[in-house]
1. Of everything in the range 49-65 that's touching a helix residue (DSSP H, G or I) at 6+ places or on another chain (Cβ under 7 Å) and of a type in the set (A, V, I, L, M, F, W, C), which residue is farthest from Pro10 (Cα to Cα)?
2. Hey, Ala68 hits all of (1) open to solvent by 20 Å² or more (accessible area, probe 1.4 Å); (2) under 19 Å from Thr8 (Cα atoms); (3) of a type in the set (Gly, Ala, Ser) but one; which does it fall short on?
3. Ser115 - would you say it is over 25 Å from Glu21 (Cα atoms), at pLDDT below 95, small (Gly, Ala, Ser) and touching a helix residue (DSSP H, G or I) at 6+ places or on another chain (Cβ under 8 Å)?
4. Of the residues Ser31, Ser58, only one is small (Gly, Ala, Ser), open to solvent by less than 20 Å² (accessible area, probe 1.4 Å) and modelled with pLDDT under 90; which?
5. Can you tell me which residue in the range 73-106 is farthest from Ser31 (Cα to Cα), limited to those that are open to solvent by 40 Å² or more (accessible area, probe 1.4 Å) and among the polar types (S, T, N, Q)?
6. Restricting to the range 34-55, name every residue that is of a type outside the set (Ser, Thr, Tyr) and open to solvent by 30 Å² or more (accessible area, probe 1.4 Å).
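The values are calculated or read from the model by the stated rules, or taken from the named source; none is laboratory data. Values in this document were obtained by computation on a predicted structure and should not be read as measured data. Don't worry about glycine lacking a Cβ; one is built from the backbone with ideal geometry, like all the others, and counts go over all protein chains shown. The area values use the complete protein model at the heavy-atom level, side chains included, leaving out ligands, DNA and RNA. Shrake-Rupley method; radii C 1.70, N 1.55, O 1.52, S 1.80 Å.
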Amino acid sequence: VIPAGPFTQPIEDHIDKHLGERASVFHEAVSDLVHIDIEVIEPTTARPYITLVTNGMSHRPTNAPVGAEECRHAELVLALPPDWPLSEAALADERNQWPIRMLQELARLPHRYNS
């Protein structure tokens, strides 16, 4: 198990400041390469969709192209319809949980393939 890194709190603070207060988090129980949690921000009037944000991809630098070195520490964001089912019961159905799993896998790709 790879624990959450020292950047977790600054990322949470950034999300709260720029996207809205985090409503919940899907904590990854077992990790390889990097520990990827998924932060959930509920819809608002200004942003009428559920926002999912990775928290962990940026804990290790990625291989950025020349000229884009400032992007070596990045996270991913995904917008879901405001009524997307995210309850524990709803996530028992693969049709509802794939966005979370996909974000976790995508967040590992640059580390796995040095890209």
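1. The extreme case among them is Ala64.
2. Unmet for Ala68, out of (1) open to solvent by 20 Å² or more (accessible area, probe 1.4 Å); (2) under 19 Å from Thr8 (Cα atoms); (3) of a type in the set (Gly, Ala, Ser): (2).
3. yes
4. On the way: Ser58 fails: modelled with pLDDT under 90.
The match here is Ser31.
5. Ser87
6. Glu42, Pro43, Ala46, Arg47, Pro48
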